[in-house]
Structures are given as structure tokens and as C-alpha cells.
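J.: Once you've had a glance at the structure underneath, I'll fire off some questions.
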Amino acid sequence: MDKPEEIKEHNKQLHAMGGKDARPIRYPGQYDFVNIFEAPNDDAIYKAAVKLSGGVAHTTTLAAKTLDEFLAVVKK
């Protein structure tokens, strides 16, 4: 990542798109940063991943649920 300070600007943009609680975490190795955030729906997550990558970053998007949310889904 050439300009790691851009992560703060990306988090502002995430908030403008409805995301909240952005927590960038630095990981050495395969990923420069992991940015954990909440979004109102999957569409907002996809839009954020495409818009904020600017076509120059590789992103991996993972949907996460709390244990209780997960158990509620698998019990259906």
C-alpha cells in the first residue's frame, strides 16, 4: 500500500455510504490491512469494496455473523 493514510479517508467514505464502526487492523503478510465494518446490507458492502478500491487494490469481502445470528440461521 503506497499511502496507508488513505485508510482514514476511506473510513469517512464508508460512513457516508451507511457503514459504521470501521476498525482498520494492520496485518503483516498477505494483507496490508483488514478493515472490519458494519453495513446496512450486502449491496452496500459490495459498493464500498468496488468504490474504495479505486480499481487499484485487491479486496476480499466476507460476511460475518455473531454466534447467535449464525445459530438462528442454521436452526431454520
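What follows is calculated from the coordinates using simple rules that are stated; it is not laboratory data. Owing to the predicted nature of the structure, the values given are computational and were not obtained by experimental measurement.
J.: After finding the eigenvalues of the alpha carbon gyration tensor for the stretch 6-74, what semi-axes result from the square roots of 5 times each, listed largest first in whole Å?
T.: 22, 15, 12
J.: While we're here: Return the long-range amide H neighbours of Asn35 (sequence gap of 5 or more, or a different chain), with a cut-off of under 5 Å between placed amide H atoms.
T.: Here Ile25 satisfy the definition.
J.: What lysines could a cross-link reach from Lys75, if we take a straight Cα to Cα line under 30 Å and drop same-chain neighbours fewer than 8 places away?
T.: Within reach: Lys20, Lys65.
J.: Under 14 Å Cα to Cα from Lys8, which aspartates and glutamates show up? Leave out anything in the same chain fewer than 8 places away.
T.: Asp21
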